[in-house]
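What follows is a short report on a single structure.
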Amino acid sequence: MKWIAKTLFGLEQVLVDELNELGVKEVEALNRAVAFAGDDISMFRINLESRLALKVLKPLFEYQALNIDEYYQALYKHAWTREFGRAKTFAVQVTTSSKVFYHSKFMILKTKDAIVDHFKRHLGFRPNIDKDNPDIRIEIHIRRNHVSVYLDTTGKSLHYRGYRTEKH
């Protein structure tokens with residue numbers, strides 16, 4: 001499973017060139033994104049130096065699901081407690097292109113249920129959700145019955161970098 005650097009439509013090839021200049025390996029243009037082979041050092045470098053990437057997604061796991069129960073169970077079984085702990089809030093984003101998993105808001109709810117249930121069973125508490133400013137952002141891409149789960153390493157989109165929030 002490859003890392004993903006998200007970008008705007010039409011900038012994919014330019015981002016490929018930029019990542020190649022940054023020394024990233026196995027770069028491949030996708031739709032509004034670029035896949036690459038990488039590690040944490042690549043991720044930090046892209047987050048710090050890229051002018052075209054909006055977000056960098058770290059691959060966690062992927063699987064096949066034929067129905068909503070299989071979708072939930074695979075998410076529930078993942079060791080979420082290794083990804084974040086009690087003091088962290090989280091949010092989920094789902095992008096789907098599937099006849100079975102066609103409603104992204106429902107898939108977000110099922111994902112949150114699976115993660116919360118995992119924490120309750122293994123640690124006895126429920127992690128908090130913060131849609132606006134979470135500590136941990138989980139992004140899921142569903143294509144037909146293939147599910148890819150990523151950890152958003154960027155937080156707010158990189159195009160906000162240097163954005164002034166104070167009023168003059």
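Computed quantities for the displayed model
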item: Relative contact order of the range 26-136, defined on C-alpha pairs under 8 angstrom at six or more residues apart (%); result: 24
item: Rh (Kirkwood; distinct C-alpha pairs) - the range 1-154, Å; result: 16.2
item: Asp135 long-range amide H proximity, modeled H, under 5 Å; result: Thr89, Phe90
item: With Cα atoms, 0 to 90° folded angle of helix 40-49 axis to the chain main axis; result: 50
item: Selected from Gly124, Gly23, Gly38 as most flexible by GNM, with the chain as the system and alpha-carbon contacts under 10 Å; result: Gly124
item: Fraction of accessible area attributable to carbon and sulfur, the range 11-127 (%, probe 1.4 Å); result: 51
item: Nearest 10 degrees, 0 to 90: helix 12-21 Cα axis against the chain principal axis; result: 70
item: Extension gain (nm, one decimal) between Asn145 and Asp40, 0.36 nm per residue minus Cα-Cα; result: 35.0 nm
item: Percent of beta bridges antiparallel (DSSP, the chain, rounded to nearest 5); result: 70
item: Approximate spin-label separation Gln73-Leu22, in nm, with each point projected 7 Å along Cα-to-Cβ; result: 3.9
item: Per residue, in Å², the accessible surface of the chain once ligands and nucleic acids are set aside, probe 1.4 Å; result: 60
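The values are calculated or read from the model by the stated rules, or taken from the named source; none is laboratory data. Quick caveat: nothing in here was measured; it's all calculated off a predicted structure. As a convention, Cβ positions derive from the backbone with ideal geometry for all residues, glycine included, and neighbour counts pool all protein chains shown. Just the protein is used for accessible areas: all its heavy atoms, side chains included, with ligands, DNA and RNA removed. Shrake-Rupley method; radii C 1.70, N 1.55, O 1.52, S 1.80 Å.
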